[in-house]
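Take a look at the structure below.
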Amino acid sequence: MEKKKTVAVYVRKSREEETEDTLQRQQAVLVDLCERNHWNYDVYKEVGSSQELDRPELQKMISRIKLYHYDAVVSADQDRLSRNVGHLDQIKQTMVNAGCLFVTPSRVYDFRKDDDDFISDIQSVLSKQEYQKIKARLVRGSRQSARDGNWLGKKSPIGYKYNRDTKKLELSEDALVIRKMFQLYVAGLSTKDIAYKFTQEGVKTTIDMIWSPAGVTRLLSNVAYIGHSLYGKTNQKKVDGKRTVSYTDSSEQILVENTHEPIVSQELFDQVQQLKKDRNSRPPALKLGKHKFSGLIRCSQCGGIHSFQGSRYGGKRISSCQTRIYSGDSYTMCKNGGITLSKFEETFHYYFSQHVKKLERYADLIREHSSDDEPDYAQELESKLKQITKLNNDIKRIQQGFMMEIFTQSEAREQIQQIKQQIKSLEGQVRELEEEGSTTELDRVEMTLMKMRRFLAHGDKLSEREANTVLRELIDVVMYTKTDEEFNIEITMK
């Protein structure tokens with residue numbers, strides 16, 4: 001080695017958690033070896049797995065070996081280069097092609113010689129066996145540490161903070177946000193509703209969580225919130241230099257129960273999982289958000305049903321028709337345009353109120369020719385409907401009381417069940433009144449008027465789905481036309 005003047009010193013440790021002294025000790029021994037032999041040297045130092053070939057410093061060193069820049073590579077042992085037999089063979093072949101030797105504190109290897117190459121291969125096999133033993137010990141240690149309640153994850157779940165002294169999770173100020181999320185989902189809000197609500201209300205977390213439906217779904221599925229720890233749910237591998245993540249089989253995962261204080265009860269968590277399962281099992285059409293005009297607006301040009309879309313400026317709009325009208329093998333696109341929903345609603349309410357006025361005049365004409373001794377079915381029906389509305393509002397108040405922890409879950413469920421039974425009874429009475437054979441024309445007109453007035457007065461307070469149900473009872477179709485900047489609607493009542 002007297003003639004070897006320039007060498008590469010390669011120093012590596014496997015994990016970040018190993019102390020910096022590990023690298024410094026390796027480097028000190030190797031640099032001392034170089035200086036005693038009066039070699040010029042460049043140091044390549046990094047943290048990386050022995051199973052990965054694309055380590056930056058290693059690749060930088062290999063590229064310079066290929067350019068015949070070094071006479072030898074100096075390292076503590078060949079497993080510092082790689083424990084992977086295939087990868088090590090590639091590195092050795094590069095060194096052979098460049099006439100580069102491999103030097104450790106105890107031996108000089110010339111891989112062009114059969115004896116040195118054979119010894120290297122034996123050491124590779126032994127190194128691989130040692131790697132498997134180390135890996136098995138780490139897995140056993142991780143399992144035992146997890147069973148002792150220690151948190152092994154890289155990040156603490158939102159709602160917890162990691163105590164470095166105890167190595168366990170503790171509740172953080174975000175725990176209230178997580179608990180509220182579970183309660184809102186049980187109360188009927190979807191993941192999309194919760195994400196929108198938290199965003200609009202400016203709900204913050206210590207990590208500045210950006211609320212999205214997918215993010216809410218992941219949080220609602222995390223068993224950490226019932227005090228358990230789950231490890232090994234995903235597996236990360238490098239494919240063609242890119243890190244890929246895949247889900248492991250449940251048999252490969254480690255579930256350790258009761259490792260930290262829960263944020264939600266097991267009962268509430270199970271209820272959320274069942275609700276998620278039930279909602280996800282619905283047909284796709286039922287998962288779509290319903291608008292108050294869903295299924296009612298038809299194109300006057302082709303008869304197609306108009307849909308709705310979000311506007312880039314906020315709010316919603318009725319989308320352009322764009323229905324394909326076929327003629328033989330070719331087709332044309334319907335050109336009925338779209339419009340902002342606010343403009344449509346303004347015009348709709350005007351025409352709807354005109355129908356109310358016409359129906360009121362018709363009711364006045366009927367009264368002029370009717371006797372006073374006929375039963376007032378409309379008044380009785382209105383009373384029943386008011387009771388149903390009041391009971392539905394009572395259910396909402398109980399749900400809100402549960403979210404505010406005024407009621408326990410069992411208390412809220414019991415009260416809601418009792419109210420639903422009352423509603424069911426009243427709905428039966430309403431059907432009987434509506435089907436009553438002696439109901440007069442005036443009763444039917446006044447019942448319709450009552451519903452139409454209630455929609456005009458309180459329609460903006462109803463949910464989109466409830467408003468759609470009311471309008472479908474009253475309206476057969478709304479024919480819509482939009483040309484250039486002008487639009488027109490024609491309401492056909494039932």
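The values are calculated or read from the model by the stated rules, or taken from the named source; none is laboratory data. Nothing here was measured: the structure is a model prediction, and the numbers come from that model. As a convention, Cβ positions derive from the backbone with ideal geometry for all residues, glycine included, and neighbour counts pool all protein chains shown.
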ask   = If PHE269 satisfies every condition in (1) of a type outside the set (A, V, I, L, M); (2) at pLDDT 90 or above; (3) in contact with a His (Cβ under 6 Å, 6 or more places away or on another chain) but one, which is the exception?
value = (3)
key: Complete set of residues in the stretch 163-209 that are assigned to a strand (DSSP E or B) and surrounded by fewer than 16 Cβ atoms within 10 Å (Cβ to Cβ)   = ASN163, GLU170, LEU171
note = Subset of the stretch 455-477, residues assigned to a helix (DSSP H, G or I) and touching a residue at least 12 places away in the same chain (Cβ under 8 Å), comes to PHE455, LEU456, GLY459, GLU464, ARG465, ALA467, ASN468, VAL470, LEU471, ARG472, GLU473, LEU474
ask   = Of all residues in the stretch 275-321, how many are at positive phi and modelled with pLDDT of 75 or more?
value = 2
task = Of all residues in the stretch 380-419, count the ones that are more than 31 Å from the chain's Cα centre (by Cα) and in contact (Cβ under 8 Å) with a residue 40 or more places away in the chain.
result = 6
request  = Tell me which residues, restricted to the stretch 31-54, are without any contact (Cβ under 8 Å) to a residue 60 or more places away in the chain and either of a type in the set (Ser, Thr, Tyr) or within 20 Å of ASN97 (Cβ to Cβ) (or both).
outcome  = TYR41, ASP42, TYR44, SER49, LEU53
task = Just need a number here: residues in the stretch 109-123 that are closer than 24 Å to LYS13 by Cβ and touching a Phe, Trp or Tyr at 6+ places or on another chain (Cβ under 9 Å).
result = 2
request  = Of the numbered conditions (1) at pLDDT 90 or above; (2) touching a Leu at 6+ places or on another chain (Cβ under 8 Å); (3) over 30 Å from ARG36 (Cβ atoms), ASN163 fails exactly one; give the number of that condition.
outcome  = (1)
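Say whether the condition of being assigned to a helix (DSSP H, G or I), of a type outside the set (Ser, Thr, Tyr), at pLDDT below 90 and surrounded by fewer than 16 Cβ atoms within 10 Å (Cβ to Cβ) is met by at least one residue in the stretch 67-87.
We begin by selecting, within the stretch 67-87, every residue assigned to a helix (DSSP H, G or I); these are 78-80, 85-87.
Keeping just the survivors that are of a type outside the set (Ser, Thr, Tyr) gives 78-80, 85-87.
Remaining after also requiring at pLDDT below 90: 78-80, 85-87.
Okay, now just the ones that are also surrounded by fewer than 16 Cβ atoms within 10 Å (Cβ to Cβ), so 85-86.
Yes, because at least one residue in the stretch 67-87 is assigned to a helix (DSSP H, G or I), of a type outside the set (Ser, Thr, Tyr), at pLDDT below 90 and surrounded by fewer than 16 Cβ atoms within 10 Å (Cβ to Cβ).
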message = With the structure loaded, tell me whether LEU426 is assigned by TED's automatic domain parsing to the domain that holds GLU360, closer than 30 Å to ALA187 by Cα and at pLDDT 85 or above or whether it fails that test.
response = yes
Scan of the stretch 81-90 for residues that are touching a residue at least 40 places away in the same chain (Cβ under 8 Å) and closer than 13 Å to TYR109 by Cβ, ordered by number = LEU81
request  = With respect to GLY428, determine if the residue is in contact with a helix residue (DSSP H, G or I) (Cβ under 8 Å, 6 or more places away or on another chain), in a helix (DSSP H, G or I) and surrounded by fewer than 17 Cβ atoms within 10 Å (Cβ to Cβ).
outcome  = no
